[in-house]
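See below for the structure under consideration.
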Amino acid sequence: MSLARLKRDRVLAAQTITAATAPVTGAVASPAAALPSAAGGKGTPADRAAAEISLRLTHDLRRLKEIKSIDLKIKAKREMLPQYKAWIMGVLSADAGVGTGNAADVVPTCMVWSIDVGAYAEALDIAEFLLRHHVAMPKRYERDVATILVEEIADAALKVQNTGKAFPLSVLDTADNLTSGLDIHDQVRAKLLKAIGIEQLRKAEDTPAESSKAPLESALINLREAQRLFDRIGVKDRVKRAEKLLAAVSAAAPTTDTGGNPAA
């Protein structure tokens, strides 16, 4: 896609959302109402752009439904996502929600696809926008934005961690912070806290003993909370290991006299 086409789509997406959220006066309808005719070449440029992106999403969803392999689905999503980039940038820049009609499904769908392909920074940017504007997910997902964000990122992290590799703690922390205080099933939240605790414990074990107390304490807080929320989350061994390491670190720490100086 050319730079000119990207700029055009970004501008038209912003115009579509702005028009859709503007007060309706007289007999003028919103762009969403014009989508059926826009698909036939009528309507404003913004109407036609919304119709085009809706048709693209419909086509891509149909294509994904025909693919059986998870790996091939992810490969397809990785190929599809760049075609939506300009539209998403335009919608986010308008900062007025996602509009109505089929085009409204594009941004939340791309959040999920971004998680699927490992584009976590992009997914988190979209998620922050969707949560701030209280956007509903398309019905086919059967979950809200917060639940999908937490569960899909937690599942991705745990899958990586089960192979012995690290997952970006910043991604997990951001997902947790974005959804803090929101109503999410305990089992789902527990998975995210488990993943966070695992990374914090890994960090503590890679940190010199004299500096590992804080990350160990943080790991214990999250692992214990995960255990409290869902007893079968599978963190008991890690809790014991963190407790053992913390006890050793605390025992090795120099004591101080009443004046606050290390004891002789």
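Values computed for the structure shown
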| item | result |
| --- | --- |
| The stretch 126-157, residues that are of a type outside the set (D, E, K, R), surrounded by fewer than 18 Cβ atoms within 10 Å (Cβ to Cβ), under 17 Å from Leu92 (Cα atoms) and touching a helix residue (DSSP H, G or I) at 6+ places or on another chain (Cβ under 7 Å) | Leu131 |
| Residue in the stretch 112-125 that is polar (S, T, N, Q) and buried (at least 20 other Cβ atoms within 10 Å of the Cβ) present | yes |
| Count - residues of the stretch 163-203 that are at pLDDT below 95 and buried (at least 24 other Cβ atoms within 10 Å of the Cβ) | 0 |
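The values are calculated or read from the model by the stated rules, or taken from the named source; none is laboratory data. This one's a predicted model, so the numbers in the text were calculated from it and none came from an experiment. For neighbour counting, all protein chains shown are included, and Cβ atoms are generated from backbone atoms with ideal geometry for every residue, glycine included.
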